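Below: one structure, written as structure tokens.
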Amino acid sequence: SQTIHQWPATLVQPVGSPLSLECTVEGTSNPNLYWYRQAAGRGLQLLFYSVGIGQISSEVPQNLSASRPQDRQFILSSKKLLLSDSGFYLCAWSVRRGGGYTFGSGTRLTVV
Amino acid sequence: KQEVTQIPAALSVPEGENLVLNCSFTDSAIYNLQWFRQDPGKGLTSLLLIQSSQREQTSGRLNASLDKSSGRSTLYIAASQPGDSATYLCAVKADTDKLIFGTGTRLQVFP
């Protein structure tokens, strides 16, 4: 069966520090991968999605970047965190077209 | 541009009631519609996935219907329980392979 792993679960980082969040998927190949952010009291915002290794599409201009070094690995990064980067980050995967989405358990990031 | 709206935004009911949560979307050209549940501080749990060719899906006390032509879906929860308390999100998947989320319905079921 397919599973998705996301870590860490919580993270407190100072302003200006780097960030690396990792997401891996097991039990499937060539999935679509996604990073979403949920700010406090707000809806889910799509940040990045990837349809293959090295293929990244950005939805919103921001302080963050994403990379897909392997088929089932998706990484969210920042060189210098801002206070506004605080939020709940969720990784998800799906198959093409008619497939549903499966989400990871999320990372709660607090920038102080 | 696809927009997804959920009504009501919040709902508080006594245990045992049957509930209907509504979801509407502006562009009927979708591949599927998915209902999720989110508990506070947690990730999203998929409840039901309805393909564009389907009219409804059922899982236990949950039933979701889809009327693609009118841009509507409903999630029916039978005999609600306090454990059903959570935020319920609907989302549509279109040609871009992206999932567009609704605004959510926060449900509280009290004993």
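Treating cross-link reach as a plain straight distance, find the aspartates and glutamates whose alpha-carbon is under 20 Å from the alpha-carbon of B:K68, omitting any fewer than eight places away in the same chain.
Candidates past the 8-residue exclusion: B:E3, B:D27, B:E56, B:D95, B:D97.
Strictly greater than 21 Å: what percent of every Cα pair in chain A meets that?
30
Of B:V109, B:Y76, A:G41, whose Cα points farthest to the positive end of the dipole of the protein assembly as shown (charges on the beta-carbon: +1 Lys, Arg; -1 Asp, Glu; origin at the Cα centre)?
A:G41
For the stretch B:1-58, what is the charge dipole size about the Cα centre, in debye to the nearest 20, if Lys and Arg each add +1 at the Cβ and Asp and Glu each add -1 at the Cβ?
Roughly 180 debye for the stretch B:1-58.
Which parts of the stretch B:72-111, residue by residue, lose 40 Å² or more of accessible area when the rest of the protein chains are there, as against the chain isolated (1.4 Å probe)?
The answer is B:K93, B:D97, B:K98, B:L99, B:F101.
What average number of partner chain Cβ atoms lie no more than 10 Å from the Cβ of the residues making up A:100-108?
The shielding value for this peptide is 5.
Quick one: 3J(HN,Hα) in Hz for the stretch A:12-23, Karplus 6.51/-1.76/1.60 with θ = phi - 60°, rounded, Gly and Pro as x.
Going residue by residue, I get 10, 10, x, 4, x, 7, x, 9, 8, 10, 10, 9 Hz, with x marking Gly and Pro.
With charges only on Cβ, +1 for K and R and -1 for D and E, what is the dipole size of the stretch A:49-112 about its Cα centre, in debye, rounded to 20?
100
Return the long-range amide H neighbours of A:L47 (sequence gap of 5 or more, or a different chain), with a cut-off of under 5 Å between placed amide H atoms.
A:W35, A:Y36, A:R37
Could you report chain A's accessible area per residue, 1.4 Å probe, as an integer in Å²?
Heavy-atom accessible area per residue stands at 47 Å².
Compute the whole-percent fraction of alpha carbon pairs in the protein assembly as shown spaced more than 28 Å apart.
Looking at the protein assembly as shown, the distances longer than 28 Å represent 31 percent of pairs.
With a 1.4 Å probe, how much accessible area is buried between chains B and A, both sides summed, in Å² to the nearest hundred?
What B and A bury together is about 1500 Å².
The values are calculated or read from the model by the stated rules, or taken from the named source; none is laboratory data. For clarity, every value in this text was computed on a predicted model and none was experimentally measured. With ideal geometry, Cβ positions are generated from the backbone for all residues, glycine too; neighbour counts draw on all protein chains shown. Areas reflect the complete protein model, heavy atoms only, side chains present, ligands, DNA and RNA absent. Shrake-Rupley method; radii C 1.70, N 1.55, O 1.52, S 1.80 Å.
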